[in-house]
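Below is one structure, written out as structure tokens; the observations come after it.
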Amino acid sequence: MNKRILLGIDLSITPATHYAMRAASELLTHSSSQMHLVLLCVIPTPTVASPSASMYVGHLMPLAVTTEQRSMAEDILYQARLALQQDGIAPERIEILLRIGLPADEIIKAARELQASFIIVGSRGNALRQRIRRFFMSSISQRVLPLARS
């Protein structure tokens, strides 16, 4: 049975994503050849508030993902795969997965479906600005952690 590391890739390869990619590459380098890396990019579900005057007023309705968003996500996954291959990871050990939805939820769903041994996601740091943003808005890595434990 092949084991998998799930690596969350954001829609723009940020320094946090680069750091997560290096960590995944290092882990993969020191693991058995049966360990695979799954690069997951989640396109956040765009939503709009319901304009109708019914009992569903104010509910969020999902919108369709544009071809531009899908193309951008595919390009990011390609760039990440290329960078990992340049680090010496064999192409056959890298899988690509693209999902649409809430990033934290989709990361957990994919990890469970693939029976991933590890989940790696970047964190934007612990500077005051990031701590304030996380206090008010949370972060994907903060939402993934408790969900991954269950």
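The values are calculated or read from the model by the stated rules, or taken from the named source; none is laboratory data. Since this is a predicted model, take the numbers as computed values, not measurements. Every residue, glycine as well, gets a Cβ built from its backbone with ideal geometry; the counts of neighbours run over all protein chains shown. Ligands, DNA and RNA are stripped out before the accessible areas are found, and what is left, the full protein with its side chains, is counted by its heavy atoms. Shrake-Rupley method; radii C 1.70, N 1.55, O 1.52, S 1.80 Å.
Within the stretch 105-112, none of the residues are open to solvent by 60 Å² or more (accessible area, probe 1.4 Å) and aliphatic (A, V, I, L, M). Would you mind stating whether residue 4 is open to solvent by 40 Å² or more (accessible area, probe 1.4 Å), at pLDDT 85 or above and either on the phi > 0 side of the Ramachandran plot or part of a strand (DSSP E or B) (or both)? For residue 4, the condition - open to solvent by 40 Å² or more (accessible area, probe 1.4 Å), at pLDDT 85 or above and either on the phi > 0 side of the Ramachandran plot or part of a strand (DSSP E or B) (or both) - is met.
Note on the stretch 72-103: residues that are open to solvent by 10 Å² or more (accessible area, probe 1.4 Å) and either at positive phi or assigned to a helix (DSSP H, G or I) (or both) total 16. Only one entry of 80, 104, 127 meets the criterion of being modelled with pLDDT of 90 or more and under 19 Å from residue 16 (Cβ atoms), and that entry is 80. Candidates are the residues of the stretch 32-62 that are over 12 Å from the mean Cα position of the chain (by Cα) and modelled with pLDDT of 85 or more; the one that is surrounded by the most Cβ atoms within 10 Å (Cβ to Cβ) is 37. Condition check for residue 11 on (1) under 18 Å from residue 103 (Cα atoms); (2) modelled with pLDDT of 80 or more; (3) hydrophobic (A, V, I, L, M, F, W, C); (4) over 18 Å from the mean Cα position of the chain (by Cα): one failure, at (4).
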